[in-house]
Amino acid sequence: MRRLTPALALGLATLVVVPSAAQATHRTGHDTRAVRDSFGTKASYAPRQNARTYQRPPAGFVPVFTENVSRHGSRAATDGEDGDLILALWDKADSEGQLTPRGREFGPTVRALEAAMAEIGYGNLSGRGEQEIAGTAVRMEQRLPGLFRRIAKSGEKIDVVSSGQGRAVDSGNLFATTLGTTDPALKPLIGPARADKDLLYFHKAAGGAAYRDYIDHDQRLADTLKTLTDQPATHRAARSVLRGLFTPAFVQRITDGEFASIGTDVQAAQAVYNLYAIAPAMSQESPGGRGWGLERYISHTDAAWFGYLSDVEDFYEKGPGFTDSDITYKMADVLLDDFFQQVEAKRAGTGDVGAELRFTHAEEIIPLAALMKLPGSTQGVTPEKPYTYADNTWRGASVAPMAANIQWDVFAKGNRYLVRMLYNEKETPFKTGCHPISKGSTFYDFKELERCFNRG
């Protein structure tokens, strides 16, 4: 993995990662939020609040601990399957003179993008992903300078733990390296990074066995996903995407199944969408860093539809899901328990950790958000009234973009402990039923959180 130079790491102190031009202005006149939503959980990260606007803790309270869980930063696609599929069709059309003028530009662009992803390694952090993670590290130190001075003085440890998967490991190491570069006094206190699959890859660990059985065998889930994805609107959007690349006659041949060994019309269009969605994550690897321009090959309307279908899958398989079941998020208990246990150890004086830093994946962030009922993750659905954008606020781009993070900052005064939660660096209230120390405050007595989350 490429390492940031100290100068670059320090330069990230004021970094606010903004959506790329493709994400922000995809088509003139379209809502920026709607465009961002079209990227689903592949959306690039941006902090949701300026730290200068954070509420101050009550008089006498000082920071004594911080902990987070972060998704890895932006990355390359996990494999080259999408590029292989659409390029196989593109090569066939090219050999027969069946490309549109725009389509002729598409193949070389995709080949260049695929080469860039292969160079950094499929699934690995991109340059943008490194910036996202380093930026969150610098802002954490800037947000809590008193805490990190205290850690340096007391010799408390900074614990770094990940899922053990490459991009999460790299994100944790980069976060720790950036902290140490930002404040060299912290370097000797940062422990060797460790992996904990049960904690941060629980969907593939023993605790996720019932969940995996649900994903593989639940007929209601399978029927719902098929109904929502295999509908006329999907086929219309697929043909619309493909007509931008291929002649009408060639699109009809795809639709008729002539190239079924390569892919269907929907699979081909989804491959175009998936490349569009991952391209902003690879913006730094594009020629001149100007971006890949894949928004030219899919309309806002079609990108929005395929983005919705991506959200459908994540909503039902990882998020709030059906109202009568908690199977998609109950397994996140292990991670929420760890958040509480860390603060309880600090309060009891039995912990020697000043900062607990965890790095994981969307498959863990999304269930945790649903378990905690974070904004946008409060509403499940019934089979009779399925998930739609019109009826539900859940959006992958908001719930778990690249580098998504949940952070608890802990403040103490005597024996009283307060917690402030940041969700993607925005001060965020705890779930309904948890009462802050005063109306409108973002600070919660830790005993109140233990009560409202039914901690013993």
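Numerical summary
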{"quantity": "Of all residues making up segment 91-111, the number that are farther than 15 Å from Leu294 by Cα and of a type in the set (A, V, I, L, M, F, W, C)", "calculated": "2"}
{"quantity": "Sole exception among (1) open to solvent by less than 50 Å² (accessible area, probe 1.4 Å); (2) more than 26 Å from the chain's Cα centre (by Cα); (3) aliphatic (A, V, I, L, M) for Ala237, by number", "calculated": "(2)"}
{"quantity": "Meets criteria (aliphatic (A, V, I, L, M), over 28 Å from Ala345 (Cβ atoms) and in contact with a Ser or Thr (Cβ under 7 Å, 6 or more places away or on another chain)) for Ala168", "calculated": "no"}
{"quantity": "Cβ pairs under 8 Å, 6+ apart, first in segment 323-337 and farther than 9 Å from Tyr211 by Cα, second open to solvent by 40 Å² or more (accessible area, probe 1.4 Å)", "calculated": "Thr323/Thr382; Asp324/Thr382; Val334/Asp198; Val334/Gly207"}
{"quantity": "Count - residues of segment 326-360 that are open to solvent by less than 10 Å² (accessible area, probe 1.4 Å) and closer than 17 Å to Ala206 by Cα", "calculated": "4"}
{"quantity": "Count of segment 153-202 residues which are more than 19 Å from Gln341 (Cβ to Cβ), open to solvent by less than 40 Å² (accessible area, probe 1.4 Å) and in a helix (DSSP H, G or I)", "calculated": "14"}
{"quantity": "Segment 46-99: number of residues that are open to solvent by 60 Å² or more (accessible area, probe 1.4 Å) and among the polar types (S, T, N, Q)", "calculated": "5"}
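The values are calculated or read from the model by the stated rules, or taken from the named source; none is laboratory data. Quantities reported herein were computed from a predicted structural model and do not represent experimental measurements. Positions of Cβ are backbone-derived with ideal geometry, glycine not excepted, and every protein chain shown enters the neighbour counts. Just the protein is used for accessible areas: all its heavy atoms, side chains included, with ligands, DNA and RNA removed. Shrake-Rupley method; radii C 1.70, N 1.55, O 1.52, S 1.80 Å.
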